[in-house]
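The values are calculated or read from the model by the stated rules, or taken from the named source; none is laboratory data. Keep in mind that this is a model prediction, so the values were computed, not measured. SASA here: full protein model, heavy atoms, side chains in, ligands and nucleic acids out. Shrake-Rupley method; radii C 1.70, N 1.55, O 1.52, S 1.80 Å.
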Amino acid sequence: MLRRILLFASRHDRVRTFLQTLPASRAIVERFIAGEAAADAVAAGSALVAGRLSVTYNFLGEYADDPQQIVRTRDAFVAFARLLEDGGLGSAVSELSLKLSALGQLLGADGPARALDHARHICAAASEAGVLVTLDMEDHTSTDSTLDIARELRRDFPLTGVAIQAALRRSPADCADLQRAGARVRLVKGAYREPDSVALQRRSDVDRAYVRCLRTLFAGDAHPLVATHDPRLISISAELARRHGRDATGFEHQMLFGVRSDEQRRLAAAGNTVRVYLPFGPEWYGYFTRRLAERPANTLFFLRALTQSG
Ligand code: FDA
């Protein structure tokens, strides 16, 4: 029920304005989002890097269908890569995270070609700044196209990463392909509601599939990016790293900004590479409501703050 209310709220801008104006709710938004301006993201990123964490920046936006908006998004990423370089963050401690649907992937038959072209532009600017790039994975209808685009980008920019969702039934085979290619692979559980025909539905099955994918990635030539907050999966990945002789240069942990921050610092202090996924930009509202919907405790915390501030 709460989830349905949140998904309803996510489509209504008046709720967004309300959230921004109320001090208590603004504080909760700020827990998950760096801010609306690029400078906010650079400031938050600098603080994380000072704490020995790496960062993946996500200029928020998805499912764009306006060609001008798509070009603006591409240009914002290009400008942001330069801003990172100017701010002394132009190195592998910084990564850009791209959603191809924000770059026109779904815009008709030539959408994937357009998105590839825009992503290439961004990769070129990122590469000049020494910054990495990884492609987010969106719903299952775009998986083939995203993997094709990632393969094309790796020809010129071999360090381009791509996310794989353990929940999808196809993912063990995709992990096997990607490890043969020696790719950087961000392994996630999967954030989209998908039909049974393509995705595992039980959490325990998704967790088992995650471990299976981890084993493939750690044993092979991939560079695993272990993107989960799940304590059990984090300790299995540490064990696999030991078994396969991988140190902090051979894999990394990734977590979301504002989620299990103590654990992020603990893993980094123990000598691991830990990268924080840092979202920013004016289009923060959909991402924020997804984070609330993901966890009932967040929603309750949020509702309590609202009633207390009223
Ligand atoms: P799980 O949901 O089981 O959570 C484990 C524990 O983590 C919880 O018990 C809680 O303590 C904590 N936790 C998790 N989520 C929380 C939240 N929102 N608030 C507070 N605590 C929380 N998905 C996708 O489909 N495509 C993508 O490209 C990406 N990219 C991505 C990058 C990075 C760096 C991360 C960490 C995640 C993604 N995801 C994603 C999201 C992913 O698919 C998944 O929805 C979330 O990470 C939650 O799953 P966990 O693996 O953390 O486990």
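Observations, loosely collected:
- Hz values of 3J(HN,Hα) by residue in segment 148-162 - Karplus curve (6.51, -1.76, 1.60), Gly and Pro given as x: 4, 5, 4, 4, 4, 5, 5, 4, 9, 10, x, 8, 4, x, 8
- Taking amide H atoms as placed 1.01 Å from N in the peptide plane, the amide H of GLN254 lies under 5 Å from those of VAL226, ALA227, THR228, ARG275, each 5 or more residues away in sequence or on another chain.
- Phi-based couplings in Hz for segment 115-124 (Karplus 6.51, -1.76, 1.60; Gly and Pro marked x): 4, 4, 4, 5, 5, 4, 4, 5, 4, 5
- Taking the DSSP bridge list for the chain and keeping only pairs wholly inside it, about 5 percent are antiparallel.
- Temperature 10 °C, viscosity 1.306 mPa s: under these conditions the Stokes-Einstein estimate for segment 85-244, based on its Kirkwood radius over C-alpha pairs, is 98 µm² per second.
- P(r) histogram, all alpha-carbon pairs of segment 230-296 included - 5 Å bins from 0, percent: 4, 14, 23, 22, 14, 12, 9, 4, 1
- Fraction of accessible area attributable to carbon and sulfur, the chain (%, probe 1.4 Å): 53
- Karplus-derived 3J(HN,Hα) values for segment 252-268, using 6.51 cos²θ - 1.76 cosθ + 1.60 with θ = phi - 60°, are 9, 8, 9, 9, 7, 4, x, 10, 6, 4, 4, 5, 4, 5, 5, 5, 5 Hz; glycine and proline are entered as x.
- Normalised per residue, the volume of the convex hull around the Cα set of segment 39-103 (Å³): 73
- Sequence-separation-based contact order of the chain, relative, with Cα cut under 8 Å and 6+ spacing, percent: 24
- The chain, accessible area per residue, ligands and nucleic acids excluded (1.4 Å, Å²): 47
- Computed over segment 23-166, the quotient of the alpha carbon radius of gyration and 2.2 N^0.38 Å is 1.04.
- A straight chain from VAL71 to ALA269 at 0.36 nm per residue would run longer than the Cα-Cα distance by 67.3 nm.
- Given their separation in residues at 0.36 nm each and the Cα-Cα distance between them, ARG232 and ARG170 gain 20.0 nm when the chain is fully extended.
- One chain, two ends: ASP144 and ASP262. Fully extended at 0.36 nm per residue, the span grows by 38.9 nm beyond their Cα-Cα distance.
- Averaging 1/r across all pairs of distinct Cα atoms in the chain and inverting the result yields a Kirkwood radius of 19.8 Å.
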